[in-house]
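The structure under discussion appears below in the form of structure tokens.
The values are calculated or read from the model by the stated rules, or taken from the named source; none is laboratory data. What you see is a predicted model; the values in this text were computed from it and never measured. All Cβ positions, glycine included, derive from the backbone under ideal geometry; neighbour counts span all protein chains shown. Accessible surface is based on the protein model in full, side chains and every heavy atom, while ligands, DNA and RNA are left aside. Shrake-Rupley method; radii C 1.70, N 1.55, O 1.52, S 1.80 Å.
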Amino acid sequence: MTDDEKTAEELLGETANQRFETEASDAQEGDESTPLGDAITESYEEIDAGRSQNLTLRDDDLAALVFGLEASGDLDDVHEALADKLGADPEKVTRASVLRMAVRVGLRDAVPETVQTAREAKSEYESESAF
Amino acid sequence: MFVEKGGVAKTTSAGHMAVAASKFHDLDVVLIDLATGQKDLMAQFGLKDVVTWTNQDDDAKDAPGDPDVELAPVSAVFGDDWEFIRSNIDNIVDRMTVATGEGPDLIPGDPNLGSVDNQLASVALEDRYVVLDQFVSDDLAEHYDLVLFDLPGADSNVALNGVFAASNIVAPLSPGKFEREQLSKLERDLELIAQNNPVDPWLALVFATRLDRRQTLDVEFAEDLADAYETASSEYVTKSAQVGYAQGDGMTLYGLDEDVLTNTGREARESYRALTDTLLRRITA
């Protein structure tokens, strides 16, 4: 595969993310910044209204690790370890569930205040939606 | 297929007319589903659990039914990088399409079509509505004789792209006053589009669907339609529960064996064939 073919394949897979990045950067230009909690609450509204909740990432090292875990049968152990860290309920072991929990563990360890803000924003959104 | 009102059998009609064009006119047909997020055309042909897209997350790929066809998303056509993508991936059209199993191919709408409207809103007006037309000319024309769009039942940038690309508008309507009003609005909108743009869309075919001949109001609706619109067909599609049963099995009425067809199923099938004949005659005239 030529470099251009490889780039085209990557662009094909990233189409949606490019679009959202464009929207986000457009919103930031010339706008006052929105407090994180409010921004998260607004994002829940947008997701409920149909905005895609897909998040994708491309990383050679992570891809090699995850594919390797699948091939060796060790994905379940990693899933269990992450679930223990989070105190999460058991769910079907998939590549996506492992990555979801890994991101959560990482955010919680690196920026616990941000995660707390996100929890509060979700609570606020859910209580407003109930009415 | 384009009327702003939902639930008028646009998707059912698109699917059946595509199959009729393929089966009875030996045409290479592709259906393009731009009805955002609905997946109705996929369901029509039993493809809902079979298809996923290259940019979907892994949860979808692990869904029940074990998706086994991975498609390139049609939403890529509307992105900034489309020209680069199509120039460097030779078989991009093949990668967007899946065989329906009844003749036509299908380009299903991927989940990211929902964000295309926002993307198009930032495109200059003179370029905003011609994206799909370019795709048809540059990429589909060499593969297919007939392209049928199932458009969103809403006045959106994506729908307008479909109107520009197709020019020949088919409007199925189920009996109802509101549906007639939508048709009048559609006529006005098409005139407005033609006045303000270098394109001339027209109502190539109007017909009643889900008609119950036992209901006087339904019959009057069809007659009224034929009187009011030159391009309305006197052919209407009879209401038949068998349409739904066939859809449940992932096929059109043409996929059913002759000996299981009910009278109304047979009538509906013949109506779609006749309507397809009329449409093809008009658009090739």
Worksheet entry | Structure-based [θ]222 nm, the protein assembly as shown - -39500 (n - 2.57) summed over DSSP H runs of at least 4, per residue, nearest 500 | -16500 deg cm²/dmol
Response to the item:
A student applying the Cα gyration tensor rule (rounded when a/c is under 1.5; otherwise prolate if a/b is larger than b/c, oblate if not) would label region B:135-180 prolate
Worksheet item: For region B:83-155, what % of the accessible area comes from carbon and sulfur atoms, probe 1.4 Å?
Response: 42 percent
Practice prompt. Would you please classify the overall shape of region B:57-198 from the alpha carbon gyration tensor, given that a ≥ b ≥ c denote the square roots of the eigenvalues, rounded means a/c under 1.5, and beyond that prolate means a/b larger than b/c while oblate covers the rest?
Written response: prolate
Response to the item:
Relative to the compact-globule estimate 2.2 N^0.38 Å (N residues), the Cα gyration radius of chain B stands at a ratio of 0.98
Discussion item. Principal axis extents for region A:66-131, Cα atoms only, whole Å, descending order, please.
Written reply: 48, 26, 18
Item to complete: Take the alpha carbon gyration tensor of region B:136-274, find the square roots of its eigenvalues, order them as a ≥ b ≥ c, and report rounded if a/c is under 1.5; if not, report prolate when a/b exceeds b/c, else oblate.
Response: oblate
Worksheet entry | Rg to Rh quotient for the protein assembly as shown, alpha carbon positions, Kirkwood Rh | 1.01
Discussion item. Once you place label points 7 Å from the Cα toward the Cβ at residue A:46 and residue B:217, how far apart are they in nm?
Written reply: 4.3 nm
Worksheet entry | Relative contact order of region B:137-285, defined on C-alpha pairs under 8 angstrom at six or more residues apart (%) | 18 percent
Discussion item. Could you identify which residue out of B:212, B:40, B:110 has the top mean-square fluctuation in a GNM of chain B using Cα springs shorter than 10 Å?
Written reply: B:212
Discussion item. Could you work out the relative contact order of chain B? I mean the mean sequence separation of Cα pairs under 8 Å and 6+ apart, divided by the number of residues, in percent.
Written reply: 25 percent
Item to complete: Could you provide, to the nearest whole Å², the per residue accessible area of chain B with probe 1.4 Å?
Response: 43 Å²
Worksheet item: Label residue A:80 and residue B:94 with points 7 Å out from Cα along Cα→Cβ: what is the distance between them in nm?
Response: 4.5 nm
Practice prompt. Sticking to Cα atoms, compute the Rg of region B:173-252 to one decimal and its Dmax as the biggest Cα-Cα distance, whole number, in Å.
Written response: 15.2, 45
Worksheet item: Which net charge results for the neighbourhood of residue B:14, defined as the other residues with beta-carbon distances under 10 angstrom from its beta-carbon, given Lys and Arg at +1 and Asp and Glu at -1?
Response: -2
Worksheet item: If you add up the charges near residue B:109, with Lys and Arg at +1 and Asp and Glu at -1, over every other residue whose beta carbon is less than 11 angstrom from its beta carbon, what do you get?
Response: -3
Worksheet item: Do you know the relative contact order of region A:70-131, to the nearest whole percent, from alpha carbon pairs under 8 angstrom that are 6+ apart?
Response: 25 percent
Worksheet item: Can you give the convex hull volume per residue for the Cα atoms of region B:217-285, as a whole number of Å³?
Response: 98 Å³
